[in-house]
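In what follows, a structure is listed as structure tokens, so that the remarks can point back to it.
The values are calculated or read from the model by the stated rules, or taken from the named source; none is laboratory data. The structure presented is a predicted model; accordingly, all values stated were derived computationally and were not measured. Cβ placement follows ideal geometry from the backbone for every residue including glycine, while neighbour counts extend to all protein chains displayed. Surface accessibility is based on the protein's heavy atoms, side chains included, excluding ligands, DNA and RNA. Shrake-Rupley method; radii C 1.70, N 1.55, O 1.52, S 1.80 Å.
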Amino acid sequence: MRTVAVAIIAASLGWAAQSFAHHSTAYYSKDQKDFVRIQGTVVRWEFRSPHSQIYVEAKDADGQVVVWRFESTPAAWLIREGFTQDSLSVGDVITIEGFAIPGQLFAWLGKVTKQDGTRLLPQRSTATPDWWKP
Amino acid sequence: MRLASAIGGVALFVIAAGHLSTPLDAQSTSAAPAIPNLTGIWHRKGPLNGKREAPAVPTNRAAGFEKAFDDAYNPTYDCSPTPIPGLINDNYDFQITQQADRVIIQYEKMDVVRTIWLEGHGHPAPARNDYRNQGHSFGRYEGGRLVITTTQFSFDPRGFSANRWFPASALKRMTEQYWREGDTLKLDSVTEDPLSLKQPYRYGWEWTVRTEPLLPYDCDPADSRWGAQWHKSKYPPDK
């Protein structure tokens, strides 16, 4: 069952962003209230530059089907973390978390957890809040 | 036209002669081969000798430009490559190919390809009005190093960094020295710009060998500019 859970997680110590974004990503919120964790189905997966994108279909708090777009680093960076084109397929059911633009269905990707427990973790970037620990 | 070429040639000679007095450290490399083997794909290890250099220091006029700059103008949103030295500071891998009369450096970031024209092979000087995103680069081997001097950059708001907006003028000049120690490629560089920098901007990096081929970047302008819509302009909307 696809559900949406917007979670507020406790503040914790993080570490400084280690990499630049392609351009400023200041529009993604670093506020903990805008952190999202969603269980849904991958409907589109773009492993590309300058930003890879994962589109996830899920139900919102009212039970309506929505599609979230999670943005991440370029393919050249993801691949350094073992996150490749083959890491995801359309139809995969995943839990995904990230940092949303307030009021939008767009977020900067934090982490993907697949049903078999595999974690896909991009490099931290300037869009990743310091308080977040994967 | 011939006169312009001749003047351009003289200008190039002056530029080439000028870099003999580059302020880069002249280290003893008497044991190094005359032409070092720099060919390969390189992945960043860290700053040169483990020491990160201070960021570039803008002049007041450059700092004023940065303060006024509105993010929507960022050429990166349109897949326009960041010029060196910012390009090299961005953490992407690159490939060096050495040929008899030139050196090709291909960057994973934005698929940028630089051609370093080696001196002594009759390469023509660029036209005096030919300014480019990555400038014009001439190089030579000296003391086991590849020494590159690049001039004739086009004006760019990302003059010295992919993430800052103080611009480089067309007077920017960058000198790079590459050499190899075992499986490590090293760079020491200095960039000067009398309009934009209070002092020469120096940095160095070290890279290790990468075995996987570079990935095409194939930047998608529509995807790239998508993010710009979310930035709030620092200026009021037009009526």
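Only residues that are within 14 Å of chain B (Cβ to nearest Cβ) and either among the β-branched types (Val, Ile, Thr) or open to solvent by 10 Å² or more (accessible area, probe 1.4 Å) (or both): list them for the range A:95-108, please. Write out each step before concluding.
Pass one, the range A:95-108, residues within 14 Å of chain B (Cβ to nearest Cβ): A:99-108.
Across the range A:95-108, the qualifying residues are A:Ile101, A:Pro102, A:Gly103, A:Gln104, A:Leu105, A:Phe106.
Which one of the conditions (1) within 11 Å of chain B (Cβ to nearest Cβ); (2) at pLDDT 95 or above does A:Tyr27 fail to meet, given that it meets all the rest?
Of the numbered conditions (1) within 11 Å of chain B (Cβ to nearest Cβ); (2) at pLDDT 95 or above, the odd one out for A:Tyr27 is (2).
If a residue counts only when it is closer than 17 Å to A:Trp132 by Cβ and open to solvent by 20 Å² or more (accessible area, probe 1.4 Å), which strands (runs of 3 or more DSSP E) contained entirely in the range A:28-75 have at least 1 such residues? First the steps, then the outcome.
Numbers: elements: A:35-46, A:53-59, A:65-71.
In the range A:28-75, A:35-46 are the strands (runs of 3 or more DSSP E) which contain 1 or more residues that are closer than 17 Å to A:Trp132 by Cβ and open to solvent by 20 Å² or more (accessible area, probe 1.4 Å).
Looking at the range B:65-82, can you tell me whether even one residue there is under 30 Å from B:Ala34 (Cα atoms), of a type in the set (S, T, N, Q) and open to solvent by 10 Å² or more (accessible area, probe 1.4 Å)? Break it down stepwise before answering.
Residues of the range B:65-82 under 30 Å from B:Ala34 (Cα atoms): none.
For the range B:65-82, residues under 30 Å from B:Ala34 (Cα atoms), of a type in the set (S, T, N, Q) and open to solvent by 10 Å² or more (accessible area, probe 1.4 Å): absent.
Suppose we filter the range B:173-189 for residues that are over 10 Å from B:Val147 (Cα atoms) and under 10 Å from the mean Cα position of the chain (by Cα); how many remain?
Within the range B:173-189, residues that are over 10 Å from B:Val147 (Cα atoms) and under 10 Å from the mean Cα position of the chain (by Cα) number 2.
Quick test of your reading of the structure: B:Leu187 fulfils all but one of (1) within 13 Å of chain A (Cβ to nearest Cβ); (2) in a strand (DSSP E or B). Name the failing condition by number.
Among (1) within 13 Å of chain A (Cβ to nearest Cβ); (2) in a strand (DSSP E or B), the lone unmet condition for B:Leu187 is (1).
Report, by residue number, each residue of the range A:76-94 that is outside any loop (DSSP other than H, G, I, E, B) and open to solvent by less than 40 Å² (accessible area, probe 1.4 Å).
Of all residues in the range A:76-94, those outside any loop (DSSP other than H, G, I, E, B) come to A:76-81, A:85-87, A:93-94.
Once the filter is applied, which keeps residues that are outside any loop (DSSP other than H, G, I, E, B) and open to solvent by less than 40 Å² (accessible area, probe 1.4 Å), the range A:76-94 yields A:Ala76, A:Trp77, A:Leu78, A:Ser87, A:Ile94.
Over 29 Å from B:Thr82 (Cβ atoms), touching a residue at least 12 places away in the same chain (Cβ under 8 Å) and in contact with a Phe, Trp or Tyr (Cβ under 9 Å, 6 or more places away or on another chain), is that true of A:Gly40?
Details: over 29 Å from B:Thr82 (Cβ atoms): yes; touching a residue at least 12 places away in the same chain (Cβ under 8 Å): yes; in contact with a Phe, Trp or Tyr (Cβ under 9 Å, 6 or more places away or on another chain): yes.
In short, yes.
Can you tell me which residues in the range B:197-239 are within 11 Å of chain A (Cβ to nearest Cβ), free of Cβ contacts under 8 Å to residues at least 24 places away in the same chain and in a loop (DSSP other than H, G, I, E, B)?
B:Lys232
Is it the case that A:Gln115 is in contact (Cβ under 8 Å) with a residue 12 or more places away in the chain and surrounded by fewer than 12 Cβ atoms within 10 Å (Cβ to Cβ)? Outline the logic, then answer.
Details: in contact (Cβ under 8 Å) with a residue 12 or more places away in the chain: yes; surrounded by fewer than 12 Cβ atoms within 10 Å (Cβ to Cβ): yes.
When the stated conditions are applied, A:Gln115 passes them.
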